[in-house]
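Q: Submitted below is the structure of interest, expressed as structure tokens.
The values are calculated or read from the model by the stated rules, or taken from the named source; none is laboratory data. These numbers were taken from a predicted model, which means no experiment stands behind them. We place every Cβ from the backbone using ideal geometry, glycine too, and count neighbours over all the protein chains shown.
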Amino acid sequence: MIGKGVSDVADIDGAKKRIEELREQINYHNYRYYVLDSPEISDAEYDELMRELRRLEGEHPELITPESPTQRVGAAPVEAFGVVEHPVPLLSLANVFSYDELLAWHKRVSNLVSGSEMDFVCELKLDGLAVALTYTDGRLTTGATRGDGYRGEDITQNLRTIRSIPLVVPKDAPKKFEVRGEVYLSRTGFEKLNEERAQEGQPLFANPRNAAAGSVRQLDPRITAKRPLDIYIYALGYADPDLSGPTHWETMEYLKSLGFRISPYNAYAPTCRSAEEYYQRWVKERDSLEFEADGIVIKVNSFELQRQLGTVGHDPRWAVAYKFPSVQATTRLLDIGISVGRTGSLNPYAILEPVSVGGVTIKQAALHNEEDIRRKDIRIGDTVVVQRAGEVIPQVVGAVVSKRTGQERFFIMPSRCPACSGEVVKPEGEVMARCTNASCPAQIRELLTHFVSRGGMDIEGIGEKLAAALLEKGLVKDVADLYFLTADKLIGLERMAEKSTANVLNAIERSKDRPLSRVIFALGIRHVGGETAELLASHFDSMDRLAKASREELASVPKIGPKIADSIFAFFRQEANLRIIEKLRRAGVRLEGEAATRRSLLGQEFVLTGRLESLRRGEAEARIKELGGTLGSSVTRKTTYLVVGADPGSKLEKAKGLGTRLLNEEELLRLLEEANLKRR
């Protein structure tokens, strides 16, 4: 027998040591996640630990032990709730993280059932708490957590408080059966719950999953009942007598007929490629969901093929979780900086130890405002959870309180502006602190960048760096000064040669003919976005008329509330702003609307419902707006007309109840034509 070499022994010893370290870490994080509902690392970081452990155990199968985290599903149940034995284990799922890994899984399972046609069902993988619901003689008798997959916690009384869980089912249901589902908390429900906990001085939940788990694992069901929990049923556990059809899809339809809540996002996938398309769709659109999802689940549709494929270890071969790219990570909050916005707001932001989130290295993240920092109890020096969803600016979700050392510092909003040393005040009823110095260079720099932006005057060639240089050299003191720049003033600035100077001056000249709505938006009036600017331009048709409008006149414009009206009124009462408008007038910037006749539908709000035959919806909306009308999304007492197409929705009944005037497509076209004639 040939003995092992020294290097082999060293490799095994090193692997054994690392395996033990990984098991200890994973067991600790399992305890924090499943038992305490207070995780210290992100799902992606946990998945990476498990992947490394599985890889090492695969390379050294002789080191696998029954107590390894890879050999169990979850965490041991808490005895205080009582323990429920699962007749059919609630298995965990193997993960894949790319299309190549999905194809490899598909190849493996296809080889095991060679020659069999295989189709799939795709489901969103909710980030909630898995539960098993048992019904006997038509009544809910037991509700349990997954626990370790074989034994879970008895939380029947708590689950009874969730209104989407039926307490009874039709009499023709099997005598005894079990369904599996995911209890979850919606995004809005999660935010509301954390706000309430903050007001009561309680620690905040890190994410909706932990909030849901903490809610159903209460010893007092009355606490659970107060929380807006919901459930989607995703599988049949067992039934006596058997009720399953030949496929998972058909069985889910049957459970739906019994009154169970089935996810409307489930989709049939005839091929692996269609499953990939489903995945890519939700990678892009997951932020539009009312709940958190961390991936999709792909299941072999045929129950016969599921039985043939069976399980490996503690994972079913016939299903796999295809995880979304990570959007969360943990890192250290090094400091909190302050940026000053164009309206003088002091905006705190996190300065982070660099961390990769979703493939992007994050060094800074949003903290919103001082109240948000207090509510989340975030301190300088904390280990924090950072989130990046899609293209949204990264934000700090919360602190990992269990990792505090006592050296962390509370954040204090400065009393002086960091850009100009001006006095900082916090207006009553507002969450933002503001610099009171109207000449604050930071505010002017931000306003200048906003003024030249694409949505504003769209002056190509003036970016943040050139804007900063113009201010630093004293060439521009307000936005109107841009129109009095000359080649002599620009040439010599960094990266400003003859051609680039000419391009900037030409862009400035072209911007003089921008529509009135763009000028209004570019001025940076608080609470006035692009849509509001269009409403104001359409209603007043002139900067002068807008500037002279009273609060009451402003508030009478559709969709302009008292808060926006006050902000606009205050803007035009400041002498500095009126001087800027006069300078814009002298420079030749257009401050009038296209024509007064454009307002022939002014003050009239249109809501559309149903399918239009001769007009596309977008075309109809564009023509209404062009003639000065406004568009509403729902019927209210302010609605002038409801345009009714084929197959109208519930808006029609509401309009009839309010006495709103109805227009069919022919009547709308006639009205638009009449309005168009008036403008000529």
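Q: Checking the condition buried (at least 17 other Cβ atoms within 10 Å of the Cβ) and over 34 Å from the mean Cα position of the chain (by Cα), which residue from ALA549, ALA555, ALA620 passes?
A: On the way: ALA555 fails: over 34 Å from the mean Cα position of the chain (by Cα); ALA620 fails: over 34 Å from the mean Cα position of the chain (by Cα).
None of the other options fit; the residue is ALA549.
Q: Now for a separate question. Quickly run through segment 579-599 and pick out the residues that are of a type outside the set (S, T, N, Q), farther than 16 Å from ALA522 by Cα and either within 41 Å of the chain's Cα centre (by Cα) or at pLDDT below 60 (or both).
A: Within segment 579-599, GLU594, ALA595, ALA596, ARG598, ARG599 qualify.
Q: Let me ask you something else. So VAL88 ticks every box in (1) among the β-branched types (Val, Ile, Thr); (2) outside any helix (DSSP H, G or I); (3) modelled with pLDDT under 95; (4) surrounded by 16 or more Cβ atoms within 10 Å (Cβ to Cβ) but one. Which box is left unticked?
A: All conditions are met except number (4).
Q: Taking GLU285 as meeting all but one of (1) in contact (Cβ under 8 Å) with a residue 12 or more places away in the chain; (2) farther than 27 Å from PRO174 by Cα, write down the number of the exception.
A: Unmet for GLU285, out of (1) in contact (Cβ under 8 Å) with a residue 12 or more places away in the chain; (2) farther than 27 Å from PRO174 by Cα: (1).
Q: Search segment 127-143 for residues being assigned to a loop (DSSP other than H, G, I, E, B) and under 28 Å from the mean Cα position of the chain (by Cα), and hand back the single one that is surrounded by the fewest Cβ atoms within 10 Å (Cβ to Cβ). It would help to see each step written out before you state the result.
A: Pass one, segment 127-143, residues assigned to a loop (DSSP other than H, G, I, E, B): 127-128, 137-138.
When the remaining residues are screened for being under 28 Å from the mean Cα position of the chain (by Cα), the result is 127-128.
Details: ASP127: 20, GLY128: 24.
The selected residue is ASP127.
Q: Please tell me if MET457 is touching a Ser or Thr at 6+ places or on another chain (Cβ under 8 Å) and either within 30 Å of LEU631 (Cβ to Cβ) or polar (S, T, N, Q) (or both). Even if it seems obvious, please write down each step before you answer.
A: Numbers: touching a Ser or Thr at 6+ places or on another chain (Cβ under 8 Å): yes; either within 30 Å of LEU631 (Cβ to Cβ) or polar (S, T, N, Q) (or both): yes.
For MET457, the condition - touching a Ser or Thr at 6+ places or on another chain (Cβ under 8 Å) and either within 30 Å of LEU631 (Cβ to Cβ) or polar (S, T, N, Q) (or both) - is met.
Q: I would also like to ask the following. So which residues in segment 499-531 are without any contact (Cβ under 8 Å) to a residue 60 or more places away in the chain, under 24 Å from ASN577 (Cβ atoms), in a helix (DSSP H, G or I) and out of contact with any Asp or Glu (no Cβ under 9 Å at 6 or more places or on another chain)?
A: Scanning segment 499-531 gives ILE508, GLU509, GLU531.
Q: Tally time: how many residues in segment 237-272 are surrounded by 13 or more Cβ atoms within 10 Å (Cβ to Cβ) and closer than 24 Å to VAL96 by Cβ?
A: Here the count works out to 11.
Q: Does segment 30-78 hold any residues that are at pLDDT 80 or above and touching an Asp or Glu at 6+ places or on another chain (Cβ under 7 Å), and which are they?
A: Scanning segment 30-78 gives LEU63, ILE64.
Q: What pairs come out if I take residues in segment 439-465 that are more than 12 Å from ALA507 (Cβ to Cβ) and pair them with residues that are among the hydroxyl-bearing types (Ser, Thr, Tyr) whose C-beta lies under 7 Å away, six or more apart or interchain?
A: Pairs found: GLU464/THR449.
Q: Suppose we keep only residues that are hydrophobic (A, V, I, L, M, F, W, C) and over 16 Å from GLY181 (Cα atoms) within segment 203-252. Which one would you say is nearest to the chain's Cα centre (by Cα)?
A: Of all residues in segment 203-252, those hydrophobic (A, V, I, L, M, F, W, C) come to 204-206, 211-213, 216, 219, 223, 225, 229, 231, 233, 235-236, 239, 243, 249, 252.
Still in the list and also over 16 Å from GLY181 (Cα atoms): 204-206, 211, 219, 223, 225, 243.
On the way: LEU204: 19, PHE205: 17, ALA206: 15, ALA211: 17, LEU219: 32, ILE223: 27, ALA225: 26, LEU243: 39 Å.
Checking each candidate, the answer is ALA206.
Q: Could you tell me which numbered condition TYR349 fails, if it satisfies all but one of (1) at positive phi; (2) in contact with a Leu (Cβ under 7 Å, 6 or more places away or on another chain)?
A: (1)
Q: Given the criterion in a loop (DSSP other than H, G, I, E, B) and more than 21 Å from ILE444 (Cβ to Cβ), identify the matching residue among LYS559, LYS563. If you could, list the steps in order and put the result at the bottom.
A: Numbers: LYS563 fails: in a loop (DSSP other than H, G, I, E, B).
Checking each option against the conditions leaves just LYS559.
Q: Here's a follow-up. How about segment 93-115: which of its residues are surrounded by fewer than 14 Cβ atoms within 10 Å (Cβ to Cβ) and either at positive phi or in a loop (DSSP other than H, G, I, E, B) (or both)?
A: Correct list: SER98, SER114, GLY115.
Q: Let me ask something else about it. Any chance you could count how many residues in segment 609-650 are within 16 Å of LEU671 (Cα to Cα), of a type in the set (Gly, Ala, Ser) and touching a Leu at 6+ places or on another chain (Cβ under 9 Å)?
A: Residues in segment 609-650 being within 16 Å of LEU671 (Cα to Cα), of a type in the set (Gly, Ala, Ser) and touching a Leu at 6+ places or on another chain (Cβ under 9 Å): 5 in total.
Q: Looking only at segment 144-175, filter to residues that are in contact with a Pro (Cβ under 9 Å, 6 or more places away or on another chain) and in a strand (DSSP E or B); which one of those is modelled with the highest pLDDT?
A: Ranking the candidates gives ALA144 first.
Q: Would it be correct to say that ILE338 is under 29 Å from VAL113 (Cα atoms) and either modelled with pLDDT of 95 or more or not assigned by TED's automatic domain parsing to the domain that holds VAL169 (or both)? Walk me through it before giving the result.
A: Numbers: under 29 Å from VAL113 (Cα atoms): no; either modelled with pLDDT of 95 or more or not assigned by TED's automatic domain parsing to the domain that holds VAL169 (or both): yes.
In short, no.
Q: Which of the residues spanning segment 273-327 are at pLDDT below 85 and either under 20 Å from GLU250 (Cα atoms) or part of a strand (DSSP E or B) (or both)?
A: Within segment 273-327, VAL312, ASP315 qualify.
Q: Next question, about the same structure. Give me the residue from segment 376-421 that is touching a helix residue (DSSP H, G or I) at 6+ places or on another chain (Cβ under 7 Å) and more than 19 Å from PRO39 (Cα to Cα) and, out of that set, surrounded by the most Cβ atoms within 10 Å (Cβ to Cβ).
A: ALA419
Q: Looking only at residues that are in contact (Cβ under 8 Å) with a residue 24 or more places away in the chain and more than 23 Å from PRO39 (Cα to Cα) in segment 223-236, which one is surrounded by the fewest Cβ atoms within 10 Å (Cβ to Cβ)?
A: Filtering segment 223-236 down to residues in contact (Cβ under 8 Å) with a residue 24 or more places away in the chain leaves 224-225, 227-236.
Next, only the ones that are more than 23 Å from PRO39 (Cα to Cα) stay: 225, 232-236.
Details: ALA225: 16, TYR232: 21, ILE233: 23, TYR234: 24, ALA235: 19, LEU236: 23.
Step by step, filter segment 223-236, then rank; the result is ALA225.
Q: When PHE190 is evaluated against the numbered criteria (1) closer than 30 Å to SER302 by Cα; (2) crowded, with 22+ Cβ neighbours inside 10 Å, which criterion, by number, is the only one it fails?
A: (1)
Q: Would you be able to tell me the number of residues in segment 470-493 that are in a helix (DSSP H, G or I), modelled with pLDDT of 90 or more and under 42 Å from the mean Cα position of the chain (by Cα)? Give the steps one after another, and end with the answer.
A: Looking only at segment 470-493, we keep the residues that are in a helix (DSSP H, G or I), and these are 470-472, 479-484, 487-490.
Checking which are modelled with pLDDT of 90 or more leaves us with 470, 479-484, 487-490.
The next check asks that each one be under 42 Å from the mean Cα position of the chain (by Cα); those that pass are 470, 479-483.
Matching residues across segment 470-493 total 6.
Q: Taking the options MET457, MET432, MET413, MET496, name whichever one is within 26 Å of SER542 (Cα to Cα) and in a loop (DSSP other than H, G, I, E, B). Walk me through it before giving the result.
A: On the way: MET432 fails: within 26 Å of SER542 (Cα to Cα); MET413 fails: within 26 Å of SER542 (Cα to Cα); MET496 fails: within 26 Å of SER542 (Cα to Cα).
None of the other options fit; the residue is MET457.
Q: I want to confirm something. Restricting to segment 466-482 and keeping residues that are without any contact (Cβ under 8 Å) to a residue 60 or more places away in the chain, out of contact with any strand residue (DSSP E or B) (no Cβ under 9 Å at 6 or more places or on another chain) and over 13 Å from ALA442 (Cα atoms), which single residue is surrounded by the fewest Cβ atoms within 10 Å (Cβ to Cβ)?
A: Step one: filter segment 466-482 for residues without any contact (Cβ under 8 Å) to a residue 60 or more places away in the chain, giving 466-477, 482.
Adding the requirement that they be out of contact with any strand residue (DSSP E or B) (no Cβ under 9 Å at 6 or more places or on another chain) leaves 467-468, 471-472, 474, 476-477, 482.
From what is left, the residues that are over 13 Å from ALA442 (Cα atoms) are 474, 476, 482.
Details: GLY474: 8, VAL476: 22, LEU482: 26.
Filtering segment 466-482 for residues that are without any contact (Cβ under 8 Å) to a residue 60 or more places away in the chain, out of contact with any strand residue (DSSP E or B) (no Cβ under 9 Å at 6 or more places or on another chain) and over 13 Å from ALA442 (Cα atoms), the one surrounded by the fewest Cβ atoms within 10 Å (Cβ to Cβ) comes out as GLY474.
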